[in-house]
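Step one of this worksheet: look at the structure below.
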Amino acid sequence: MPNPLTTFLLKQTLGSLVLMAAITGVAHADTREVETAYGSVSIDGTPERVVTLYEGALDAAIATGIDPVGAVITRGGNDVAEYIQPKAKGIGIVGAPGETNIESVIALNPDLILASAQLSKEQYNLLSKIAPTIVPDFTAFTPRTWKQETRLFAQALGRADAGEEAVTRVEDKAAEVAKLVESTLDADQRETGLIRWMPQGPLVMSEGLFSASLLQAAGFNVNSANIVKDGRPHSHPLSQENLGLIDHPWIFLATLNEDGDEALKAARKSPAFQRLKANKEGQIIIVNGQLWTSASGPLAALKILDDIANAVNNFATTH
């Protein structure tokens, strides 16, 4: 249940919106219906004050030419993800993934809210009283999920063409990197795992995760060792004894914060880590966890594809 302050602020906001509608007295001509997880949502005109409650929504909005007024912090951080900070300067923070501060959202007076597929019905009911709220309804952890979400958010923003262009840019870039991988690496050199190193141990990320699907689009064979349950983003932490499950020629290895960095430094000293093929060959590629294991969207995709291309080019110069 919302607290009394939340209820009061909601009433004040709704009262203001009703008054504004009465003053204008005219509906927008370009009203559109957007199908979401909680039914069809009507959106009038071009939203000007957009709040995003999901990293993929922030990315998609900026990629299609919109500057949101609010966003949530990235996992493991205290701001939006590093890769997108230059494009999101001065943005208001309204919570963390899964922990929205309703009062902060109200204070920004949004005319559209873009949320994640995990938004609960209870939260949706609150937020939709503030502004039209878009919640995706697509199967999670598939190579097409981020594209579907980008197109949905772009439609809600009145930027459908820009959304399609953003997806196409990524597909063209992936094809370009795939040619590089094919010309540089033999087929038996392309197996890899995507790992997030945590203080509790390494997590094997799902083959359907956003960045893993980009690795596959770029020509790598992503192997999660069949230990990630369906519908889950990653495995349980692996013990040092089970590191052999990720003994691939390449490993793309991410950490989210300083704790993960320190845990990785300690693990590198262990015999089990030193025996890994990728470690012996110098093909453990350290990547930004905020980008590789938390982000989503066309701008993040382009950055990840750049990381993949750089890794392959470095391989080419040393072999």
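May I ask you to verify whether Ala225 is among the aliphatic types (A, V, I, L, M), in contact with a Leu (Cβ under 9 Å, 6 or more places away or on another chain) and not in a loop (DSSP other than H, G, I, E, B)? Before you say what the answer is, go through the steps one by one.
Working: among the aliphatic types (A, V, I, L, M): yes; in contact with a Leu (Cβ under 9 Å, 6 or more places away or on another chain): yes; not in a loop (DSSP other than H, G, I, E, B): no.
Answer is no for this residue.
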**Study point:** Contacts under 8 angstrom Cβ, first residue in the stretch 297-309 being on the phi > 0 side of the Ramachandran plot and not assigned by TED's automatic domain parsing to the domain that holds Ala63, partner hydroxyl-bearing (Ser, Thr, Tyr) and buried (at least 24 other Cβ atoms within 10 Å of the Cβ), 6 or more apart
**Key:** Gly297/Thr150
Check your understanding: Counting only residues that are of a type in the set (D, E, K, R) and either in contact with a helix residue (DSSP H, G or I) (Cβ under 8 Å, 6 or more places away or on another chain) or surrounded by 16 or more Cβ atoms within 10 Å (Cβ to Cβ) (or both), how many does the stretch 177-211 have?
Key -> 4
Check your understanding: If you scan the stretch 7-52, which residues turn out to be touching a Ser or Thr at 6+ places or on another chain (Cβ under 9 Å) and either modelled with pLDDT under 50 or assigned to a loop (DSSP other than H, G, I, E, B) (or both)?
Key -> His28, Asp30, Thr31, Tyr38, Asp44, Gly45
Review point. What pairs can you find where one residue is in the stretch 173-202 and assigned by TED's automatic domain parsing to the domain that holds Val228 and closer than 30 Å to Ala266 by Cα, the other is among the small types (Gly, Ala, Ser) and surrounded by fewer than 16 Cβ atoms within 10 Å (Cβ to Cβ), and their Cβ atoms are less than 7 Å apart, with a gap of 6+ or different chains?
Key: Gly201/Ser239
Exercise for review: Return the only residue of Val94, Val72 being in contact with a helix residue (DSSP H, G or I) (Cβ under 8 Å, 6 or more places away or on another chain) and more than 23 Å from Phe141 (Cα to Cα).
Suggested key: Val94
Review point. Which ones in the stretch 71-94 are touching a residue at least 60 places away in the same chain (Cβ under 8 Å), in a loop (DSSP other than H, G, I, E, B) and more than 23 Å from Thr133 (Cα to Cα)?
Key: Gly76, Gly77
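The values are calculated or read from the model by the stated rules, or taken from the named source; none is laboratory data. What you see is a predicted model; the values in this text were computed from it and never measured. Every residue, glycine among them, receives a Cβ derived from its backbone with ideal geometry; neighbour counts consider all protein chains shown.
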